[in-house]
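Everything on this sheet refers to the single structure shown next.
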Amino acid sequence: QPPMIWRGQGAHASGQNEDGTGGARLVCTYDGATNDAAKFVTQGLGNWAIEDITFYDTTANADTPFLYTTNTTLRVNRCAFIGATSGTSCQQDAIVLGGTLKPISTGYGDADSAFQGYGTAISDCYFNKVRRVVYGRSYCNHVQVIHNYADKYTGTNLASGAVIEFDGSLDPVTANVGDYCNNNLILGNYLHAIGGYAYGVKITKGIRNSIIANGFIDEGSADVAVCRFNGVTVGATD
């Protein structure tokens, strides 16, 4: 992935829970085929910066994520991601980091590859009517999720869903400490959710992650805890 910058004139973020208007707006109605990972996919080693753009979906019952990277380092700053459904109808993730099947030893460059976009940062963004703001998967390490706002109509159709989730247990090929989601920073986010979340932040099979100074408001009835940490047994190590 050669270095690339997408820069708009500003992304709309409403303090009154309204859909985005004005600024630079991409209307993303592509709903995806069976093997498509997202509306925008980048799989090669490299860098992609996205600034001041609203990604807006009008597709009924949308379930295709907006952005998906396996190996590209993303710098997503001052953007907005606004889906088409709200609350417990949401099944559309905003940003997905990493595949679920291939360990690093099998190579890179397809939708199943483990995450290698180390240094990815999602900061100062606005999210509404989406399920997971950031969903990190196999080998999702060294990611910063900083100063983002998940608005009132974010929600989930998952029984144990979270607004921000890192899951290092998804690689069935190998079982070693390298699969973990390590050294990620979740800092200063405001998560105002109404749609049935069990958790604000959920980390499975992860170590050395920092969750600092975040604000949580959950108006739904399914909340269990602000944060959940799941250990996954690997041999004799938990």
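The values are calculated or read from the model by the stated rules, or taken from the named source; none is laboratory data. Here the structure is a predicted model, which is why all the values come from computation and not from measurement. Quick reminder, even Gly has a Cβ in these numbers, built from the backbone with ideal geometry, and neighbours come from all protein chains shown. These area figures cover heavy atoms from the full protein model, side chains too; ligands, DNA and RNA do not enter into them. Shrake-Rupley method; radii C 1.70, N 1.55, O 1.52, S 1.80 Å.
For the pair Q1 and F229, label points projected 7 Å from Cα toward Cβ lie 2.9 nm apart. Using θ = phi - 60° in the Karplus curve 6.51 cos²θ - 1.76 cosθ + 1.60, the 3J(HN,Hα) couplings for segment 62-67 round to 4, 10, 8, x, 6, 10 Hz; x is entered for Gly and Pro.
Summary of packing: across the peptides 41-48, 122-129, the per-residue average of other C-beta atoms within 10 Å ranks them, highest first, as 122-129, 41-48. Shown are D52, D31, whose ranking by accessible area with a 1.4 Å probe and every protein chain present, most to least, is D31, D52. Applying 0.36 nm per residue to the separation of V27 and A159 and subtracting their alpha-carbon distance, the gain on full extension is 44.6 nm. Distances between placed amide hydrogens fall under 5 Å for A49 paired with M4, I5, W6, R75, all partners being 5 or more residues away or on another chain.
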